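A short reminder: the numbers here are calculations on the coordinates, not readings from a lab. Bear in mind that the values here come from a model prediction, so they are computed numbers and not experimental data. Here the Cβ positions follow ideal geometry from the backbone for every residue, glycine too, while neighbour counts run over all protein chains shown.
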């Protein structure tokens, strides 16, 4: 089994900087890569803020914070990943975008390097086939926010070797995560259940059964959910919710996975949730206000 010492993370957004955070805390040397230097700066700022928050809560020491920050280097040049033992791709949830990244990445990696995708819905077998190392490719689906959520779904593609699977298991366990195995079906386990529920909540809003407030209050107080489904959709990003629904719709060919037209409309408007300050709630004021 490949010994993983150095980890590369592609994508400095919410998921990528969270993965870099937990990898560095686990003692790995981490290279955080993104085509945007602004994204890298923002990602590192988030990492530092989140590490400080953990230290202030007594979850980690201030020494842990310093060591983790020193363990992370950033680069907008993908060639900086040439010596890593494992790359975890955390780019946007689009198959063609990911394949384009792998096409550039594979020639610069050392032959023994493993590639993991943090995709939340796309076929691992299909992504692996676009690389030169399908046996050394697997899915590691971290949950959001990565530093707080304990679960990682591990997904084997058709060609994923046992050695690669064991390496993925060891890395995630060292990060303090609990793993669950999923077969390589559209959206895997968590999002196969969660995202259609959110889509149904959007349909409930679309059809006028309830308002944003009544739907979220109903599920929080009636089903004991910590967040209402529309609030959760805003947290995840409506573009991500739509992308997963499209993967389910196309991959399983069942009308129950049809994305709600209202969800499509919000994404077309650029109202993607918290990251754009508007979604099913408007976040531009001191208190979020429903937009419908």
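A few notes on this one:
- Angle between the chain longest axis and helix 238-252 axis [Cα atoms, degrees, rounded to 10]: 80 degrees
- Peptides 62-70, 117-125, 183-191 ranked from most to least packed give 117-125, 183-191, 62-70, packing being the mean of other C-beta atoms within 10 angstrom over each peptide's residues.
- Computed [θ] at 222 nm, helices only, for the chain once each DSSP H run of length n ≥ 4 contributes -39500 (n - 2.57): -14000 deg cm²/dmol
- By definition, a body whose alpha carbon gyration tensor gives a ≥ b ≥ c is oblate when a/c is 1.5 or more and a/b is not larger than b/c, and the stretch 126-202 fits this oblate description.
- Tail beyond 22 Å, pair distance distribution of the stretch 1-84 (Cα, percent): 21 percent
- Applying the Kirkwood pairwise sum to the alpha-carbon positions of the chain produces a hydrodynamic radius of 19.7 angstrom.
- Relative counts (whole %) of C-alpha pair distances in the stretch 47-144, using bins that are 10 Å wide: 14, 38, 28, 18, 2
- More than 14 angstrom apart: percent of Cα pairs within the stretch 191-279: 62 percent
- Pairwise inverse Cα distances across the stretch 223-263, averaged and inverted, put the Kirkwood hydrodynamic radius at 11.1 Å.
- For the pair the stretch 35-87 and the stretch 215-230, the centres of their Cα atoms are 34 angstrom apart.
- Considering only the chain, percent of DSSP beta bridges that pair antiparallel, nearest 5: 25 percent
- Folded to 0 to 90 degrees: helix 37-56 orientation relative to the chain principal axis, Cα: 80 degrees
- The angle separating the long axis of helix 62-71 from the principal Cα axis of greatest extent in the chain is about 70 degrees.
- Over all directions, the projected convex hull of the C-alpha atoms in the stretch 183-239 averages 4.3 nm² in area.
- When Rg and the Kirkwood Rh are both derived from Cα coordinates, the Rg/Rh ratio for the stretch 55-210 amounts to 1.03.
- Ranked 280, 142, criterion: other C-beta atoms within 10 Å, fewest first: 142, 280
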